[in-house]
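Colleague: Sharing a structure with you now.
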Amino acid sequence: VTFLDEAVVEFRSGSGGSGAVSFHREKHVPRGGPNGEDGGRGGDVVLVASRAVRTLAEFALTPTIAAEPGTHATGNKRGRNGRSVTVKLPVGTVVQDAESGETIVDLVRENMRFVLCRGGRGGHGNRHYVSSVRQAPNFAEKGEPGERRRVKLVLKLLADVGLIGLPNAGKSTLLAAVTAARPKVGDYPFTTTVPNLGVATVGERSFLIADLPGLIEGASQGHGLGHTFLRHVERTRVLIHVVDAWPLDGSDPVANYETVEQELLSFSKALWEKPRIIALNKADLIPPNELGPLRAKFAPFGRPVFVVSGATGQGLQPLLFEALALLDATESPEPEEIEVPTERRKPDASWEAHWEKDRLVVTGPKVERMVAMTNLDNREALRYLHRRLERMGVIEKLRALGAKEGDTVTVGDIEFAFTDLA
Ligand SMILES: Nc1nc2c(ncn2[C@@H]2O[C@H](COP(=O)(O)OP(=O)(O)OP(=O)(O)O)[C@@H](O)[C@H]2O)c(=O)[nH]1
Ligand SMILES: [Mg+2]
């Protein structure tokens with residue numbers, strides 16, 4: 001028994017802070033070694049499944065959620081890490097890529113944690129670039145950009161409480177009386193073929209309740225809407241067995257009750273063992289002097305019995321209180337936190353280069369990140385990038401494509417002039 005709740009949200013992790021260029025300064029030492037520190041790491045976006053959140057409604061107001069960036073290093077002081085954002089989502093939320101529709105993670109259990117966007121690494125300070133030929137590197141690395149993911153959140157709400165009973169018992173009428181749901185009601189059997197779901201409010205609390213297709217004798221063998229019923233009832237936690245206490249066809253309410261119970265048991269023992277309340281419905285039709293004897297006939301079943309009327313609203317509040325009490329009693333203890341491993345981003349070093357009109361375009365995750373993290377205003381940093389690109393074979397490829405000094409090269413969002421320093 002589900003209904004869908006959806007939201008499209010863009011999440012962004014923080015970018016890393018830039019590394020610093022700095023040198024030891026000591027008395028009597030004209031120029032010390034490089035000691036520029038690294039930038040801080042950007043914050044992650046972490047999703048957590050929580051029972052405290054029931055719907056995705058709040059995301060309609062916050063279409064983008066971003067973690068904090070890391071701060072830049074200053075001299076020999078490391079940058080501060082950005083704060084991560086923890087986003088609470090209702091248990092049962094499926095997180096999909098908004099473009100491809102592919103499922104990224106299915107938050108099926110309470111306290112599941114998933115790192116959706118990793119924060120960018122802080123850029124290296126100049127102390128990292130010391131080598132035998134470069135003892136006083138005068139450049140540092142910029143921070144790694146954060147990740148950005150547009151996702152679709154899809155929540156399938158499951159009913160906590162299911163209304164079961166023979167066709168015409170008044171399940172849909174009862175649902176309409178205790179929730180804002182407006183299911184079809186009819187004086188013929190099998191009016192309900194697809195369950196309806198509503199929110200029942202009891203004081204300050206609420207739970208989800210659904211009417212289920214009517215059960216008849218032989219339902220467990222596939223008669224009536226038996227199998228539809230089974231599919232829907234399995235995930236509810238508490239059942240209210242609605243009994244027409246004053247059937248127009250003159251049948252015996254107790255016998256009717258037993259028929260349904262028998263079918264439940266034939267479906268599955270686990271189903272039959274769910275906590276259950278008996279609701280003797282259509283109380284408005286029962287002559288007052290018949291009420292006592294009727295109640296007495298249901299007492300031997302050992303389940304809580306409530307006399308109600310979906311039509312007049314009589315007895316419904318106590319019924320809901322009892323349902324909530326049973327729900328609380330079946331509440332499983334909070335499970336441990338479960339970390340869902342984020343697929344390790346493969347260090348994808350593949351790249352490709354081609355002409356696009358009058359400019360050279362290089363694409364590839366690693367190359368793009370390298371360029372984004374280079375301070376292009378710094379000649380030394382540029383030379384360092386150039387050497388790395390050379391080692392990857394990118395420069396040679398650009399030459400082979402006919403690149404000349406000064407031609408525009410585009411890598412990711414960044415443009416620079418080709419220079420064949422060598
Ligand atoms: N007098 C009276 N009639 C009721 C009450 N509840 C339901 N009815 C009537 O009983 C008939 C069946 O009601 P539904 O709510 O459609 O019953 P249902 O159990 O959902 O039936 P299915 O969906 O077919 O399984 C309708 O004609 C209702 O108006 C009640 O409390 N009092
Ligand atoms: Mg119905």
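Derivation of every value follows stated rules applied to the coordinates shown; laboratory data play no part. Keep in mind that this is a model prediction, so the values were computed, not measured. Methodologically, a virtual Cβ is constructed for each residue, glycine included, from the backbone with ideal geometry; neighbour enumeration extends over all protein chains shown.
Colleague: Please compute the length gained on full extension between Asp328 and Leu291, using 0.36 nm multiplied by the number of residues separating them and subtracting their Cα-Cα distance.
Modeller: That works out to 10.3 nm of additional length.
Colleague: Then there is this: Using only the alpha-carbon atoms, how far is helix 379-392 inclined from the longest principal axis of the chain? Give it as 0 to 90 degrees, nearest 10.
Modeller: Between the helix axis and the principal axis of the chain, the angle is about 70 degrees.
Colleague: Would you work out which of Val45, Ala323, His72 lies farthest towards the positive end of the dipole of the chain? Charges go on Cβ: Lys and Arg +1, Asp and Glu -1.
Modeller: Working it through, the farthest residue towards the positive pole turns out to be His72.
Colleague: Now a separate question. Identify all lysines with a Cα-Cα distance to Lys156 below 20 Å; exclude those on the same chain that are fewer than 8 residues away in sequence.
Modeller: Correct list for Lys156: Lys88.
Colleague: By how many degrees, between 0 and 90 and to the nearest 10, does the Cα long axis of helix 316-330 differ from the longest principal axis of the chain?
Modeller: It works out to around 50 degrees.
Colleague: Scan region 62-143 for GluC sites (Glu not before Pro) in coil per DSSP, keeping those whose Cβ has at most 16 other Cβ atoms within 10 Å, and list them by number.
Modeller: Glu99, Glu102
Colleague: Related question: Given Cβ point charges of +1 (Lys, Arg) and -1 (Asp, Glu) and nothing else, what value in debye, to the nearest 20, does the dipole of the chain about its Cα centre take?
Modeller: With only Lys, Arg, Asp and Glu charged at Cβ, the dipole is about 2040 debye.
Colleague: A follow-up question, please. Can you tell me, using C-alpha contacts under 8 Å and at least 6 residues apart, the relative contact order of the chain as a whole percent?
Modeller: On the way: 1065 pairs, mean separation 59.8, N = 422.
Relative contact order comes out at 14 percent.
Colleague: Nearest 10 degrees, 0 to 90: what angle lies between the long axis of helix 253-267 and the longest principal axis of the chain (Cα atoms)?
Modeller: The helix 253-267 is inclined about 40 degrees to the chain.
Colleague: Put a dot 7 Å past each Cα toward the Cβ at Gln135 and Glu258; how far apart are the dots in nm?
Modeller: Roughly 10.1 nm, to one decimal.
Colleague: Tell me whether region 288-422 comes out rounded, prolate or oblate; compute the Cα gyration tensor, take square roots of the eigenvalues as a ≥ b ≥ c, and use a/c under 1.5 as the rounded threshold.
Modeller: It comes out prolate by the Cα gyration axes.
Colleague: Between Val8 and Val194, what's the calculated FRET efficiency when r is the beta-carbon distance and R0 is 30 Å? Round to 0.05.
Modeller: Values: r = 26 Å, r/R0 = 0.87.
Approximately 0.70, to the nearest 0.05.
Colleague: About the Cα centre of region 1-99, what is the dipole size in debye to 20, counting +1 per Lys and Arg Cβ and -1 per Asp and Glu Cβ, all else neutral? Can you show the working numbers first?
Modeller: Details: 12 positive and 11 negative charges, 157 e Å.
Approximately 760 debye in magnitude.
Colleague: Further, regarding this structure: Could you name the aspartates and glutamates whose alpha carbon sits less than 19 Å from that of Lys274, not counting residues in the same chain fewer than 8 places away?
Modeller: Of all the aspartates and glutamates, those that pass the test against Lys274 - Cα under 19 Å, at least 8 places apart if same chain - are Asp160, Asp211, Glu234, Glu258, Glu261, Glu263, Glu322, Asp328, Glu331.
Colleague: Same structure again: Search the structure for amide H atoms under 5 Å from the amide H of Val307, placed 1.01 Å from N in the peptide plane, and list their residues when 5 or more places away or on another chain.
Modeller: Placed amide hydrogens put Leu280 under 5 Å from Val307.
Colleague: What percent do you get for the relative contact order of region 139-265 when only Cα pairs under 8 Å and 6+ apart count?
Modeller: With pairs under 8 Å counted, the relative contact order is 28 percent.
Colleague: For the pair Lys357 and Ser100, how long in nm is the line joining their label points, each one 7 Å along Cα→Cβ?
Modeller: The two pseudo-label positions are separated by 3.0 nm.
Colleague: Okay, moving on. Which shape class, rounded, prolate or oblate, goes with region 241-284 when its Cα gyration tensor gives a ≥ b ≥ c as root eigenvalues, a/c under 1.5 marks rounded, and past that a/b bigger than b/c marks prolate?
Modeller: oblate
Colleague: Next question. Given springs between every Cα pair under 10 Å in a Gaussian network model of the chain, which of Ser350, Ser13, Ser84 has the largest fluctuation?
Modeller: Among Ser350, Ser13, Ser84, the largest GNM mean-square fluctuation belongs to Ser350.
Colleague: Antiparallel as a % of all DSSP beta bridges within region 1-117, to the nearest 5?
Modeller: 55
Colleague: Any idea how far apart Arg391 and Asp249 come out in nm if each label point goes 7 Å out from Cα toward Cβ?
Modeller: Spacing of the two 7 Å Cα→Cβ label points: 8.3 nm.
Colleague: Output wanted: per-residue J couplings in Hz (rounded whole) for region 355-369, from phi through Karplus 6.51 cos²θ - 1.76 cosθ + 1.60, θ = phi - 60°, x for Gly and Pro.
Modeller: 7, 10, 6, 9, 10, 8, 10, 10, 10, x, x, 5, 4, 4, 5
Colleague: How high is the relative contact order of region 142-194? Use alpha-carbon pairs under 8 Å, at least six apart in sequence, and give a whole percent.
Modeller: Reported relative contact order: 25 percent.
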